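K.L.:
Dumping the structure here so I can ask a few things about it.
The values are calculated or read from the model by the stated rules, or taken from the named source; none is laboratory data. This one's a predicted model, so the numbers in the text were calculated from it and none came from an experiment. All Cβ positions, glycine included, derive from the backbone under ideal geometry; neighbour counts span all protein chains shown.
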Amino acid sequence: MIFSDNFPTFALSLTLQVTKVTKFVNIMAIEKKYYSFTPGLELLSKSDYSKIQGDIIIFLGCSKQDYYRKRACYINIPAHVKEGIESIFNKYNINDIRQIWEIKDSDE
């Protein structure tokens, strides 16, 4: 027989270790960042606002309603999307990314 007499104890110990690691990984995975590009929009004139809104909607491939949600709170934005939005702002002479974004942690 392959199993020894202490197999149930070993299996329980292994299960507890896996559970601890899983909980740790889940805690690390839960942290979210909330991105808003509303500060950048506030720097624009009214005429530029409607243009950039259209550009961002086309870039994101989303509806106007989804745009409004994402401009205020885009959770864990992918890097290529963040950079794409920044490049759109660059067309309107807003080059400082600190002026474009408001970024909040999940614990705030």
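K.L.:
Of the conditions (1) at pLDDT below 70; (2) assigned to a loop (DSSP other than H, G, I, E, B), F10 fails just one. Which one is it?
P.N.:
The one condition F10 does not meet is (2).
K.L.:
Here's a check for you: in segment 23-42, which residue that is out of contact with any Lys or Arg (no Cβ under 6 Å at 6 or more places or on another chain), surrounded by 11 or more Cβ atoms within 10 Å (Cβ to Cβ) and modelled with pLDDT of 95 or more is nearest to I94 (Cα to Cα)?
P.N.:
Among those residues, the one meeting the criterion is G40.
K.L.:
Mind counting the residues in segment 71-106 that are of a type outside the set (G, A, S) and without any contact (Cβ under 8 Å) to a residue 12 or more places away in the chain?
P.N.:
Kept after step one, since they are of a type outside the set (G, A, S), are these residues of segment 71-106: 71, 73-78, 80-83, 85-86, 88-105.
Pick out the ones that are also without any contact (Cβ under 8 Å) to a residue 12 or more places away in the chain and you get 78, 80, 83, 90, 93, 95-98.
Count: 9.
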